[in-house]
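Okay, so here's the structure we're looking at.
The values are calculated or read from the model by the stated rules, or taken from the named source; none is laboratory data. Note that the coordinates shown come from a computational prediction; the quantities given were computed from them, not determined experimentally. Here the Cβ is made from the backbone with ideal geometry for all residues, glycine too, and neighbour counts use every protein chain on show. Heavy atoms of the whole protein, side chains included, go into the accessibility calculation; ligands, DNA and RNA do not. Shrake-Rupley method; radii C 1.70, N 1.55, O 1.52, S 1.80 Å.
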Amino acid sequence: MSRVLVGVKRVIDYAVKIRVKPDKSGVVTDGVKHSMNPFDEIAVEEAVRMKEKKLAKEVIAVSCGPAQAQETLRTALAMGADRAIHVEVAGAEYETLQPIHVAKILAKISQDEKADLVIVGKQAIDDDSNQTAQMTAALLDWPQGTFASKVEKSDAGLTVTREIDGGLEVIKTKVPAVLSADLRLNEPRYATLPNIMKAKKKPMKKVSAKDLGVDLAPRIKVISVEDPPVRQAGSVVPDVDTLVAKLKEGGHV
Amino acid sequence: MIRQFSQILLISLEKHIFINNLKYSTSALPRFSSEKYSIKRKNFGSLHDADLNYFRSLLSADRVITEESDVLPFNIDWIKNCRGQSKVVLKPKTTEEVSQILSYCNSKKLAVCPQGGNTGLVGGSVPVFDEIILHLGLMNKIISLDEISGALVCEAGCILENLDNHVREHNLIMPLDLGAKGSCHIGGNISTNAGGLRLLRYGNLHGSVLGIEAVKADGTIIDCLRTLKKDNTGYHLKHLFIGSEGTLGVVTKVAVHCPALPKAVTLGFFGVNCFENVLELYKSAKSSLGEILSAFEMADNGAISSTVENLKLSNPLGDFPFYVLIESSGSDEGHDNEKLNRFLTKEMETGHIIDGTVTSEPAKMRNIWNIRESIAGAGLVDGYVFKYDVSIPLQNYYDIVLLLRKRLGNKATRVYGYGHVGDGNIHINVTTPEYTKEVYEMLEPYIFEEVAKVRGSISAEHGVGFRKPQFIHYSKDETALHLMHGLKHFMDPNGILNPYKVLPD
């Protein structure tokens, strides 16, 4: 296995309070702090660890998005990726960019770069789609190991422990393959100062979706984005009897 | 289902906070402060049923708490050091109610212990004997916010973090921030002149507090609640209530100046190999980062290890003798980054920084700050923590930790130091499996003598409270103490406000 491709998405930082646009067309992103999707950080970490264990020779980070996506790529480079590919998608096209498009882009780059393994986060924390890994595997006709919480080298390929409903599932897969990283796969490192400095000099290639022959016409239309319902205020009850009565009243016990 | 349950089960906020704080607790209730420190009750009146009836008629029954188990959390400080024996907690909602309570207590010579979030570290917020606890948690209304001047007016019981969240909506920031922000009250912050993490940038509360409304022991409401930056009309009375720890009056409303919310914030966490280099780094940060430097904190290896080992937090860096946290806050990310990059490149080259990480991502910054802020609570997992908070001239800043380590030897589990280098303020924690008189006597007054030798302060930002009046002379001379006694007598002739605190007998 020589080359690992990692998909990294720039999303609104999870510590930032999300605001819905007044016209309900989406959420406010202007002037809002962004960072790398946390699941993608886990994907980068796993790829870098593979390189450190000499299971991989090169780690390539790919991000699709506007110019600021380069900041996310720099973070991946500072964490230990060797080079980056920025697929520039801006303006209206970016607003309607969907997993199917990203999967096509990742599939095409995987072939062009002769990648042996693609790792992405299991989902992005903004749209929660959880589709990119699966679609990429389908497009490439490669095996997939999604929701990975452990990845080990085995003779013919990889042994992947998957987090599934009710427990863990262990599968063996050949490479090339597509993996999606779950929360417990690893704990991503903080980029260290010397590596942040080095990352500034690592190569970053810019391409467009057109260069890759991927059509970005939207397949899904967002009709409305709304805030979740506001949680109702609680009330203090004077004693246990009242509590039990209230629970019964509400049909909870 | 679970969510519906929790809606009904929501318990009162102060209890909730107490439970949160006690998550570190490992053992039984602390001893009564009066026994632990051999204190004699002063000649105050005792609480009778008639008094309780009066309070119930004044406040309504649910705001007069007398059930022993309900009063207990208000009797104990969160580090399990002090325990009072109060029989009643009063929860006023208005200044008038505070005034009526105090006026009544003054006439009956009933002692009163004002309490905010009860996050203090010197036992100032809990009673010693049976003082009536005056809890201000229900005085939690935000009155006004002037977005142009940044003047926030609110009641004393507002929780600091809630205020910070509120003013952030208007692109402002509270001028102070501290580890206890989720529980502590602004009234308590002001009464104790709390310092914290933003002091380096925004100065202390004597500068940020624009106005105060307070109630004197006899119930008189002192209205100094102006929102002006300049007001040289006579004596600056508001300052009497800043840092006097509830001994001169009860703060009921405050006006605070909130600076503009910085648009660009970057946080760095660095490994440094000796304390001299921490100081070199501080000198360099001041000159290279200038006006964007907003925090310069340090923690020694023991302090960071306590959070890693006791609270299972992950340290983003490897093992280093010292860690430094530097925050920059500015209005232009490009400009700030340029400065920071130059500074960091230089300091990596000089070797003052061995390794480190830098981030502008809010979630990562929060995680790094969390490591620093968790140090205060981490030591409790070892059993008991002796906590000291002193100001020392920077050239002697860390010596005291080394002296204490040598003096205590294997009698302590950990001895570590951390704090606000930029303010010359170090926190020293000594952890032991349990409180012992032997360790206590090895620490006090030794540590205060050492601090006095270098003309430091025995209490930089935590206050004097119950724990330090007998040591205040190490930092205040006789004439100053005489004036303090005079002021106390003038403001509170019966001495009912927060007795056994601040002033030595």
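Name the GluC sites (Glu not before Pro) in the range B:377-485 that are in a loop by DSSP and that have at most 16 other C-beta atoms within 10 Å, would you? List each step's numbers first, then the result.
On the way: sites: B:GLU434, B:GLU438, B:GLU441, B:GLU449, B:GLU450, B:GLU461, B:GLU478; in loops: B:GLU434, B:GLU461.
Within the range B:377-485, the qualifying GluC sites (Glu not before Pro) (loop, at most 16 other Cβ atoms within 10 Å) are B:GLU434.
Rounded to the nearest 10 degrees, the angle from helix B:399-408 to the longest Cα principal axis of chain B is 70 degrees. For the range B:311-335, heavy-atom accessible area (probe 1.4 Å) falls by no less than 30 Å² from the chain alone to the full protein assembly at B:SER314, B:PRO316.
Centroid-to-centroid, using Cα positions, the range B:463-505 and the range B:149-214 are 25 Å apart. In this structure, B:HIS239 and B:LYS109 have a Cβ-Cβ separation that, at R0 = 22 Å, corresponds to a calculated FRET efficiency of about 0.20.
Mean per-residue shielding of peptide B:361-372 is 4, counting Cβ atoms of other chains within 10 Å of each Cβ. The relative contact order of chain B, computed from alpha carbon pairs under 8 Å that lie at least 6 residues apart in sequence, is 15 percent.
Considering only DSSP beta bridges where both residues belong to the range A:91-212, give the percentage that are antiparallel (nearest 5). Working shown, then result.
Working: 13 of 21 bridges.
Taking every DSSP beta bridge within the range A:91-212, about 60 percent pair in antiparallel fashion.
Give me the percent of accessible area attributable to carbon and sulfur for the protein assembly as shown, probe 1.4 angstrom. Don't jump to the answer; show the numbers that get you there.
Working: 17750 of 34080 Å².
Result for the protein assembly as shown: 52 percent of the exposed heavy-atom area is carbon or sulfur.
Remark: the range A:75-118 carries 34 Å² of accessible area per residue (probe radius 1.4 Å; ligands, DNA and RNA excluded). Any chance you could check the Cα centroid distance between the range A:179-206 and the range B:342-380 for me, in angstrom? Cα centres, the range A:179-206 to the range B:342-380: 18 Å. Only Cα pairs under 8 Å and 6+ residues apart enter the sum, and on that basis the relative contact order of the range B:142-257 stands at 31 percent. Between B:LYS263 and B:GLU309, residue separation times 0.36 nm minus the direct Cα-Cα distance comes to 13.1 nm. Does the range A:65-118 come out rounded, prolate or oblate by the C-alpha gyration tensor, with a ≥ b ≥ c the root eigenvalues, rounded set by a/c under 1.5 and, if not, prolate when a/b is larger than b/c and oblate if not? It comes out oblate by the Cα gyration axes. Of the trypsin sites (Lys or Arg not before Pro) found in the range B:263-335, those in coil by DSSP whose Cβ has at most 16 other Cβ atoms within 10 Å are B:LYS263, B:LYS312. Quick check on the range B:264-355: of the DSSP beta bridges with both residues there, what percent are antiparallel, nearest 5%? Here the antiparallel bridges make up roughly 100 percent for the range B:264-355.
For the range A:5-92, the set of trypsin sites (Lys or Arg not before Pro) satisfying both a DSSP loop assignment and a count of at most 14 other C-beta atoms within 10 Å is given as A:LYS17, A:ARG19, A:LYS24, A:LYS53, A:LYS54, A:LYS57.
Which FRET efficiency value, to the nearest 0.05, do you get for A:VAL28 and B:ASN43 by plugging their Cβ-Cβ distance into 1/(1 + (r/R0)^6) with R0 = 56 Å? Write down the numbers at each step before the final one.
Working: r = 63 Å, r/R0 = 1.12.
The computed FRET efficiency comes out at 0.35.
The solvent-accessible area of A:SER35, taken with every protein chain present and a 1.4 Å probe, is close to 10 Å².
May I ask for the accessible area buried between chains A and B, both sides summed, probe 1.4 Å, to the nearest 100 Å²? Mind showing how you got there, number by number?
Values: alone 14630 and 22190 Å², together 34080 Å².
About 2700 Å² of accessible surface is lost on pairing.
Interface residues of the range A:181-215, defined as those losing at least 10 Å² of solvent-accessible heavy-atom surface relative to the isolated chain (probe radius 1.4 Å), are listed as A:GLU187, A:TYR190, A:ALA191, A:THR192, A:LEU193, A:PRO194, A:ILE196, A:MET197, A:LYS200.
Ignoring aspartates and glutamates fewer than eight residues from B:LYS40 along the same chain, the ones with Cα atoms less than 18 angstrom from its Cα are B:ASP130, B:GLU131, B:ASP505.
Mind running the shape call on the range B:12-135? Use the C-alpha gyration tensor, a ≥ b ≥ c as the square roots of the eigenvalues: rounded below 1.5 for a/c, prolate if a/b tops b/c, oblate otherwise. Walk me through the numbers before you get to the answer.
Values: a/c = 2.04, a/b = 1.36, b/c = 1.50.
Judged from the Cα gyration tensor, the range B:12-135 comes out oblate (a/c at least 1.5, b/c at or above a/b).
Taking label positions 7 Å along the Cα-Cβ direction at both A:LEU247 and B:HIS206, the computed distance is 5.5 nm, reported to one decimal. Look at where the Cα atoms of the range B:245-260 and of the range A:142-157 average out, and the two centres are 60 Å apart. When both bridge partners sit in the protein assembly as shown, DSSP labels roughly 70% of those beta bridges antiparallel.
Here the relative contact order of the range B:264-355, from alpha carbon pairs under 8 Å that lie six or more residues apart, stands at 49 percent. The modelled label-to-label distance for the pair B:ALA480/A:TYR14, using points 7 Å beyond Cα in the direction of Cβ, is 4.8 nm.
To the nearest ten degrees, helix A:99-113 and the longest principal axis of the Cα atoms of chain A are 20 degrees apart. Accessible surface computed residue by residue for the range B:142-257, with neighbouring protein chains in place and a 1.4 Å probe, gives 39 Å² per residue. Step through the table entries A:LYS122/A:LYS202; B:LYS263/B:LYS501; A:LYS21/A:LYS202, compare each Cα-Cα distance with 30 Å, and write down the pairs that go over it. In this structure, B:LYS263/B:LYS501; A:LYS21/A:LYS202 exceed 30 Å between Cα atoms. At a cut-off of 50 Å², which residues of the range A:218-253 become less accessible once all protein chains are present than in their chain alone, using a 1.4 Å probe? With the partner chains in place, the range A:218-253 has these residues losing at least 50 Å²: A:ARG231, A:HIS252. Angle of helix A:69-79 to the longest C-alpha principal axis of chain A, folded into 0 to 90 degrees and rounded to 10: 80°.
With charges only on Cβ, +1 for K and R and -1 for D and E, what is the dipole size of the protein assembly as shown about its Cα centre, in debye, rounded to 20? Could you put the intermediate results ahead of the total?
Working: 90 positive and 92 negative charges, 155 e Å.
That gives a dipole near 740 debye.
When the gyration tensor of chain A is built from Cα positions, what are the square roots of 5 times its three eigenvalues, in whole Å, from largest to smallest?
36, 24, 19
If you take the square roots of the eigenvalues of the alpha-carbon gyration tensor of the range A:98-223 and sort them as a ≥ b ≥ c, do you get rounded (a/c under 1.5), prolate (a/b over b/c) or oblate? Before the final figure, lay out the partial values.
On the way: a/c = 1.42, a/b = 1.13, b/c = 1.26.
Rounded.
The stretch between B:GLU438 and B:SER60 holds 131.3 nm of extra length on full extension. This uses 0.36 nm per residue minus the Cα-Cα distance.
Let me spell out the model: positive unit charges on the Cβ of Lys and Arg, negative unit charges on the Cβ of Asp and Glu, origin at the Cα centre of the range A:107-253. What dipole size does that give, in debye rounded to 20? Let's see the in-between values first.
On the way: 22 positive and 21 negative charges, 194 e Å.
Charge dipole of the range A:107-253: 940 debye, to the nearest 20.
Annotation: per residue accessible area for the range B:348-394 equals 29 Å², rounded to a whole number [probe 1.4 Å, protein chains only]. Bridging of A:LYS24 to lysines at a Cα separation below 17 Å is possible for A:LYS221, once same-chain residues fewer than 8 apart are set aside.
Can you give the charge dipole size of the range B:123-173 about its Cα centre, rounded to the nearest 20 debye, using +1 on the beta carbon of Lys and Arg and -1 on the beta carbon of Asp and Glu? Can you show the working numbers first?
Details: 2 positive and 8 negative charges, 10 e Å.
Using Cβ point charges on Lys, Arg, Asp and Glu, the range B:123-173 gives about 40 debye.
So, R0 is 41 Å and r is the distance between the beta-carbons of A:LYS57 and B:GLU161; what FRET efficiency does that work out to, to 0.05? Don't skip to the end; give the middle numbers.
Working: r = 48 Å, r/R0 = 1.17.
Plugging the Cβ-Cβ distance into 1/(1 + (r/R0)^6) gives 0.30.
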